[in-house]
Amino acid sequence: MNKYLYDIITSQGTLSVQDITIRMAVSAAFAIVVFLSYRITHSGSVYSAKFNITLVTLTILTTMVMTVIGNNVALSLGMVGALSIVRFRTSIKDSRDTAYIFWTIILGICCGVGDFIVAGIGSAMVFVVLLFLGRVKNENRLLLIIRCDRSRADEVRQSVYEYFTKAPVLKTENATAETVEFIYELDRKIFEKSKEKERKLAVSQERMQQSISDKLFALGGVDYVNTVVQSDEIS
């Protein structure tokens, strides 16, 4: 009886316990590489330690699934059918997180079939690419939102284009019977350049320190002036 139970537990198809251990160990090693890559490239506010740990676990789990499937076509089709009914609703905060999810799944597949060379070379290239390009952030775009009376619309447009050295892009103009709302897209560096422009125009010291909000409110008929950072991240 004991021998029968031992045979059931240790029965792994065509793979030995040593082969399975090697594949799982290599998978865990590659998972640590993914962990370090995500930790380095997401050191800012978007970094999630729980998601990083999930990436490590996902790599090992995918390796486990591929080891079980092996060359069994019937089992692989059944596994695909079972996974197809699972629906994931976790929101992705950063588009780069999708690349890390695919990276872990591909690593698990490579380690599960024993193709460690492809996993190693591919991971090295992905690690280098993410190391140099993973820190790229989109923090320079700003949205300037202005709501004013329709009678002041032309003055508001002229004031906005005169204040900034680089003409902002009008993205949206929402109008009602009494008010108009403008949404401009501009660069953060424009604020610094606008001060230099004021100096070149030799205006008074008080006007040099005047912000775009103060200038617009001085026109009258302006309800609000909002500056919003435009980000690609999903909170």
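Computed values, structure above
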read-out: Given (1) within 25 Å of I121 (Cα to Cα); (2) modelled with pLDDT under 65; (3) of a type outside the set (A, V, I, L, M, F, W, C), index of the condition S76 fails; value: (1)
read-out: Check on K3, modelled with pLDDT under 80, charged (D, E, K, R) and either in the same structural domain as I117 (by TED's automatic domain parsing) or over 22 Å from the mean Cα position of the chain (by Cα) (or both); value: yes
read-out: Which numbered condition L36 fails, given (1) modelled with pLDDT of 85 or more; (2) crowded, with 17+ Cβ neighbours inside 10 Å; (3) among the aliphatic types (A, V, I, L, M); value: (2)
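The values are calculated or read from the model by the stated rules, or taken from the named source; none is laboratory data. Bear in mind the structure is a predicted one, so any value in this text is a computation, not a measurement. Glycine gets a Cβ as well: all are built from the backbone with ideal geometry, and neighbour counts include every protein chain shown.
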